[in-house]
Amino acid sequence: MTETDTGTPTGEHRACLALWAIPGLGPRTLDAVRAFAGGQLSRLASAPVRDWVSDVPVPAPVRQRLAAVASLDDLASRVESACDAAGIRVAFASAPAHPGRLVGLEDAPPLLFYLGEPGPPRRRLAMVGSRHPDQGFLPFARTFARQVAEAGVGVVSGAAEGVDRACHWGALDAAGETWAFLGSALDQLDPAQARLLPHFLARGGVFFSELPPGVRASTTTFPRRNRLIAGASDAVLVMRAGLESGSLYTADAARTQGRPVFALPGDVWQPAAAGCNALLADGRARACTSAEAICAVVGVHPGRAVPPGREGGWWEALSVEARGAYGLLDRVPRSFDEVLAQSPLSPAALTSALVELELSGLVVQHPGKRYEKV
């Protein structure tokens, strides 16, 4: 199933899905193909690929792979069939299921494959760490993540062995929302991820991947997915990391994206904490020592936690007026008059819509009638 803002896949979306399934064709190359097509990929969809492949501005290996495809429509159908067989859904950037924080980031994928039911927008924290932390750290990480989730903050990580998985379990312990971004396609889970998935789905968690069906994890896919973990979050917390830990890629991605980076300090004689200590020593991260402190950083206080998201269908449950008002808001507080100036609603109708959004946990009202998405 392909999900868009309207719920119906368009020719443009299907052409994008097909191109995204070509190995080696990333976001920048996709933009070049779109420009070649005059801004509309759908113009290439039904035409035989052989009619245009020699002129399209792509690297030679990508051109060779494209040349093996009859048409983008045909390839899109094959990808959709593979997704249907595995129960995988596809969310484009305009869809409610797509993580809104990724939209507009440099090198962001145009779509994500997912399993589960993404909830409404909320504050989210990436919690990442080593696969093999120091002895006794994993129960601490799980408790820390549970406290974060209890405050209403979504926990984002990578479902890897060790700290990542402990943080997911902590969020699930609190019946909180947790997202996992994987370094493989969703039909290529490793045994541990496959065991974790039912617990995710049963408790409201979501597996995401930018990789189409059939793609296995590799040494190149893991660093790439780390930018998505950071990008989908409001801040990144490195729980434990050695000097060679892949979690440091997530911290680097966060800095590039302008996300705040935090790290838990560790004992100086402990190699498993050397990466965290290095982040703190050279100013690439700020110290974090409690769940309460990190929740405050992302704008959530345990005493005023955002209510849990609605069950499936939360977006459809909103009134048309509330959906429209939500689209006019941002992560920067805006005054009522600023929103009203861009809204077709009357002052009374806009007030009602904003109240509905507040009660749904989607918007926070600050003093002076200033409204902000959560």
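Structural remarks
- Residues considered: Pro99, Pro265, Pro48. Largest GNM mean-square fluctuation over the chain, using C-alpha springs under 10 Å, is found at Pro48.
- The modelled label-to-label distance for the pair Val355/Ala85, using points 7 Å beyond Cα in the direction of Cβ, is 5.3 nm.
- Relative contact order (%) - criterion: Cα under 8 Å, at least six apart; region: the chain: 14
- Overall dimensions of the stretch 103-211, expressed as equivalent-ellipsoid semi-axes from the Cα gyration tensor (√(5λ), whole Å, largest first), are 21, 16, 14.
- You can think of it this way: the chain between Asp134 and Ala194 has 19.0 nm of extra reach, that is 0.36 nm per residue less the Cα-Cα gap.
- Per residue, in Å², the accessible surface of the chain once ligands and nucleic acids are set aside, probe 1.4 Å: 43
- Taking a Cβ cut-off of under 11 Å around Arg370, the surrounding Lys, Arg, Asp and Glu residues balance to a net charge of -1, with basic ones at +1 and acidic ones at -1.
- Local charge for Val332 was computed over the other residues whose Cβ lies under 12 Å away, with Lys and Arg +1 and Asp and Glu -1, and equals +1.
- Checking every one of the trypsin sites (Lys or Arg not before Pro) in the stretch 166-260 against DSSP loop status and a limit of 13 other Cβ atoms within 10 Å picks out Arg216.
- Label-reachable residues, the stretch 103-131, where backbone N falls under 17 Å from a point 7 Å from Glu244's Cα toward its Cβ: 130-131
- Calculated over the stretch 157-258: convex hull of Cα atoms, volume per residue (Å³): 99
- A run of the chain free of exposed loop cleavage sites, with GluC sites (Glu not before Pro) counted only in DSSP states other than H, G, I, E and B and at most 11 other beta carbons within 10 Å, reaches its longest extent at 107-243.
- A simple count of charges around His132, restricted to other residues whose Cβ falls under 15 Å of its Cβ and scoring Lys, Arg +1 and Asp, Glu -1, yields -1.
- Carbon and sulfur %, accessible surface of the chain computed with the full protein complex present, 1.4 Å: 53
- Overall form of the stretch 49-124 per C-alpha gyration tensor (a/c, 1.5; a/b vs b/c): oblate
- Top of Ala160, Ala325, Ala15 by mean-square fluctuation, Gaussian network on the chain, Cα under 10 Å: Ala325
- Student exercise, the chain dipole from Lys, Arg, Asp, Glu Cβ charges, in Debye to nearest 20: 460
- Spherically averaged projected area in nm², based on the convex hull that wraps the Cα atoms of the chain: 19.3
The values are calculated or read from the model by the stated rules, or taken from the named source; none is laboratory data. No experiment lies behind these values; they were computed from the predicted model shown. Cβ sites come from the backbone with ideal geometry, for glycine too, and all protein chains shown count toward neighbours. Heavy atoms of the whole protein, side chains included, go into the accessibility calculation; ligands, DNA and RNA do not. Shrake-Rupley method; radii C 1.70, N 1.55, O 1.52, S 1.80 Å.
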